[in-house]
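Okay, so here's the structure we're looking at.
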Amino acid sequence: MSPTHLATGLALATPLAVVAPEFAVAGAIGGLLGGAVPDFDLFAGEHRRSLHFPVYYWVPALGFGVVALLAPGGLAVGAALLFASAAVHSIADWFGAGNEPRPWNRTSDRAVYVHALGHWLPPKYWVRYDGAPEDLLLTVVLSVPALIAFDGVVRGLALAGIALGAVYVAFRKRVPDLVGV
Ligand SMILES: [Zn+2]
(Lines give C-alpha, C1' and ligand atoms only; values in the text may rest on other atoms or scores of the structure.)
Protein backbone atom coordinates (compact mmCIF):
# COMPACT_ATOMS: atom_id res chain seq x y z
CA MET A 1 0.00 0.00 0.00
CA SER A 2 1.09 3.58 -0.47
CA PRO A 3 2.17 4.18 3.17
CA THR A 4 4.54 1.21 2.88
CA HIS A 5 6.01 2.56 -0.36
CA LEU A 6 6.37 6.01 1.27
CA ALA A 7 8.08 4.47 4.30
CA THR A 8 10.41 2.57 1.96
CA GLY A 9 11.34 5.81 0.19
CA LEU A 10 12.12 7.42 3.53
CA ALA A 11 14.20 4.41 4.58
CA LEU A 12 16.21 4.69 1.36
CA ALA A 13 16.96 8.35 2.17
CA THR A 14 17.82 7.77 5.82
CA PRO A 15 21.55 6.96 5.31
CA LEU A 16 21.89 10.53 3.99
CA ALA A 17 21.16 11.78 7.51
CA VAL A 18 24.53 10.25 8.48
CA VAL A 19 26.71 10.70 5.38
CA ALA A 20 25.36 13.97 3.94
CA PRO A 21 22.93 15.54 6.41
CA GLU A 22 22.71 18.76 4.40
CA PHE A 23 20.93 16.81 1.63
CA ALA A 24 18.92 14.45 3.84
CA VAL A 25 15.65 16.40 3.64
CA ALA A 26 15.94 16.72 -0.16
CA GLY A 27 16.55 12.98 -0.32
CA ALA A 28 13.59 12.29 1.95
CA ILE A 29 11.28 14.39 -0.23
CA GLY A 30 12.54 12.58 -3.33
CA GLY A 31 12.08 9.21 -1.63
CA LEU A 32 8.52 10.06 -0.65
CA LEU A 33 7.63 11.30 -4.15
CA GLY A 34 9.16 8.22 -5.77
CA GLY A 35 7.21 5.99 -3.42
CA ALA A 36 3.96 7.67 -4.42
CA VAL A 37 4.34 8.36 -8.16
CA PRO A 38 4.01 4.84 -9.67
CA ASP A 39 0.52 4.37 -8.23
CA PHE A 40 -0.76 7.46 -10.04
CA ASP A 41 -1.47 4.94 -12.81
CA LEU A 42 -4.46 3.90 -10.72
CA PHE A 43 -6.15 7.03 -12.05
CA ALA A 44 -4.95 7.04 -15.68
CA GLY A 45 -3.45 4.33 -17.84
CA GLU A 46 -3.06 0.73 -16.70
CA HIS A 47 -2.35 0.11 -13.01
CA ARG A 48 1.00 -1.53 -12.29
CA ARG A 49 2.10 -0.96 -15.89
CA SER A 50 1.87 2.64 -17.11
CA LEU A 51 3.99 4.18 -14.32
CA HIS A 52 5.64 1.03 -12.90
CA PHE A 53 9.14 0.41 -14.27
CA PRO A 54 11.01 -2.20 -12.21
CA VAL A 55 14.02 -1.97 -14.54
CA TYR A 56 13.99 1.37 -16.35
CA TYR A 57 13.65 3.59 -13.24
CA TRP A 58 17.17 2.47 -12.30
CA VAL A 59 18.64 4.27 -15.31
CA PRO A 60 17.76 7.83 -14.16
CA ALA A 61 18.34 6.76 -10.54
CA LEU A 62 21.94 5.82 -11.34
CA GLY A 63 22.37 8.83 -13.63
CA PHE A 64 21.30 11.31 -10.97
CA GLY A 65 23.27 9.31 -8.40
CA VAL A 66 26.43 9.90 -10.40
CA VAL A 67 25.58 13.59 -10.79
CA ALA A 68 24.97 13.82 -7.03
CA LEU A 69 28.39 12.30 -6.34
CA LEU A 70 30.25 14.50 -8.86
CA ALA A 71 28.41 17.73 -8.09
CA PRO A 72 26.50 17.32 -4.85
CA GLY A 73 23.26 19.30 -4.72
CA GLY A 74 19.81 18.93 -3.28
CA LEU A 75 18.14 18.62 -6.69
CA ALA A 76 20.39 15.79 -7.90
CA VAL A 77 20.14 13.96 -4.58
CA GLY A 78 16.36 14.36 -4.53
CA ALA A 79 16.03 13.17 -8.14
CA ALA A 80 18.27 10.14 -7.51
CA LEU A 81 16.17 9.17 -4.50
CA LEU A 82 12.93 9.79 -6.40
CA PHE A 83 13.82 7.38 -9.19
CA ALA A 84 15.42 4.81 -6.86
CA SER A 85 12.32 4.85 -4.68
CA ALA A 86 10.05 4.48 -7.72
CA ALA A 87 12.17 1.54 -8.91
CA VAL A 88 11.99 -0.18 -5.53
CA HIS A 89 8.23 0.49 -5.40
CA SER A 90 7.80 -1.17 -8.81
CA ILE A 91 9.78 -4.23 -7.72
CA ALA A 92 8.08 -4.41 -4.33
CA ASP A 93 4.65 -4.74 -5.95
CA TRP A 94 5.82 -8.10 -7.31
CA PHE A 95 5.88 -9.44 -3.74
CA GLY A 96 2.28 -8.46 -3.10
CA ALA A 97 -0.94 -9.45 -4.85
CA GLY A 98 -2.24 -8.86 -8.40
CA ASN A 99 -3.54 -5.60 -9.83
CA GLU A 100 -7.23 -6.31 -9.16
CA PRO A 101 -9.63 -4.19 -7.03
CA ARG A 102 -10.17 -7.06 -4.56
CA PRO A 103 -6.70 -8.65 -4.47
CA TRP A 104 -7.62 -11.11 -1.67
CA ASN A 105 -9.65 -13.00 -4.32
CA ARG A 106 -6.41 -13.84 -6.17
CA THR A 107 -7.98 -13.83 -9.64
CA SER A 108 -5.26 -11.67 -11.22
CA ASP A 109 -1.89 -13.10 -12.19
CA ARG A 110 -0.56 -9.61 -12.94
CA ALA A 111 1.58 -8.15 -10.13
CA VAL A 112 3.70 -5.74 -12.15
CA TYR A 113 4.61 -5.31 -15.80
CA VAL A 114 8.26 -5.44 -16.77
CA HIS A 115 8.65 -3.32 -19.90
CA ALA A 116 12.22 -4.52 -20.41
CA LEU A 117 10.97 -8.13 -20.65
CA GLY A 118 7.62 -7.39 -22.28
CA HIS A 119 5.50 -9.38 -19.85
CA TRP A 120 3.80 -9.36 -16.45
CA LEU A 121 5.31 -10.89 -13.33
CA PRO A 122 2.88 -13.08 -11.36
CA PRO A 123 2.22 -12.03 -7.74
CA LYS A 124 4.25 -13.63 -4.96
CA TYR A 125 1.79 -12.85 -2.12
CA TRP A 126 4.54 -12.37 0.51
CA VAL A 127 2.16 -9.60 1.55
CA ARG A 128 -1.25 -11.18 0.84
CA TYR A 129 -2.80 -7.93 -0.43
CA ASP A 130 -2.18 -4.19 -0.08
CA GLY A 131 -3.68 -3.09 3.21
CA ALA A 132 -3.30 -6.51 4.88
CA PRO A 133 -2.21 -6.37 8.54
CA GLU A 134 1.30 -7.51 7.62
CA ASP A 135 1.47 -4.54 5.23
CA LEU A 136 0.95 -2.18 8.18
CA LEU A 137 3.66 -4.03 10.10
CA LEU A 138 5.98 -3.36 7.15
CA THR A 139 5.05 0.34 7.19
CA VAL A 140 5.93 0.60 10.87
CA VAL A 141 9.21 -1.32 10.60
CA LEU A 142 10.33 0.62 7.51
CA SER A 143 9.46 3.93 9.21
CA VAL A 144 11.66 3.30 12.26
CA PRO A 145 14.99 4.45 10.72
CA ALA A 146 13.43 7.72 9.51
CA LEU A 147 11.69 8.31 12.84
CA ILE A 148 15.08 8.04 14.55
CA ALA A 149 17.17 9.94 11.98
CA PHE A 150 14.81 12.80 11.17
CA ASP A 151 12.90 15.34 13.14
CA GLY A 152 10.45 18.07 12.19
CA VAL A 153 8.38 17.74 9.03
CA VAL A 154 9.96 14.47 7.83
CA ARG A 155 9.30 12.74 11.15
CA GLY A 156 5.76 14.14 11.07
CA LEU A 157 5.23 12.73 7.57
CA ALA A 158 6.50 9.32 8.70
CA LEU A 159 4.03 9.33 11.60
CA ALA A 160 1.22 10.51 9.30
CA GLY A 161 2.02 7.64 6.92
CA ILE A 162 1.65 5.10 9.74
CA ALA A 163 -1.65 6.67 10.82
CA LEU A 164 -2.94 6.71 7.24
CA GLY A 165 -1.89 3.08 6.80
CA ALA A 166 -3.71 2.03 9.98
CA VAL A 167 -6.95 3.64 8.75
CA TYR A 168 -6.54 2.07 5.30
CA VAL A 169 -5.94 -1.40 6.79
CA ALA A 170 -9.03 -1.05 8.98
CA PHE A 171 -11.27 -0.27 6.00
CA ARG A 172 -9.37 -2.01 3.17
CA LYS A 173 -11.98 -4.60 2.25
CA ARG A 174 -14.72 -1.97 1.99
CA VAL A 175 -12.69 0.29 -0.33
CA PRO A 176 -13.83 -1.36 -3.63
CA ASP A 177 -17.49 -0.83 -2.67
CA LEU A 178 -16.86 2.74 -1.50
CA VAL A 179 -15.21 3.73 -4.79
CA GLY A 180 -17.67 1.71 -6.85
CA VAL A 181 -15.48 -0.90 -8.55
ZN1 LIG B 1 2.41 0.21 -7.15
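The values are calculated or read from the model by the stated rules, or taken from the named source; none is laboratory data. Only a predicted model underlies this, so the values are computations on that prediction, with no experimental measurement involved. Virtual Cβ from ideal backbone geometry, glycine too; neighbours counted across all protein chains shown. Surface accessibility is based on the protein's heavy atoms, side chains included, excluding ligands, DNA and RNA. Shrake-Rupley method; radii C 1.70, N 1.55, O 1.52, S 1.80 Å.
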Those residues of segment 90-109 which are within 12 Å of the ligand (Cβ to nearest atom) and either in a loop (DSSP other than H, G, I, E, B) or under 20 Å from ARG172 (Cα atoms) (or both) amount to ALA92, ASP93, TRP94, PHE95, GLY96, ALA97, GLY98, ASN99, PRO103
Within segment 35-51, the residues that are under 17 Å from LEU121 (Cβ atoms) and open to solvent by 50 Å² or more (accessible area, probe 1.4 Å) are GLU46, ARG49, LEU51
Restricting segment 27-56 to residues that are among the aromatic types (Phe, Trp, Tyr) and more than 26 Å from VAL179 (Cα to Cα), the one nearest to the ligand (Cβ to nearest atom) turns out to be PHE53
Q. Is at least one residue of segment 52-67 of a type in the set (Gly, Ala, Ser) and open to solvent by 30 Å² or more (accessible area, probe 1.4 Å)?
A. yes
(request) For segment 80-87, indicate whether the set of residues that are open to solvent by 50 Å² or more (accessible area, probe 1.4 Å), within 16 Å of the ligand (Cβ to nearest atom) and either farther than 19 Å from LEU142 by Cβ or out of contact with any strand residue (DSSP E or B) (no Cβ under 8 Å at 6 or more places or on another chain) (or both) is non-empty. (result) yes
When restricted to ALA44, ALA26, ALA11, ALA76, the only residue out of contact with any Leu (no Cβ under 8 Å at 6 or more places or on another chain) and in a helix (DSSP H, G or I) is ALA76
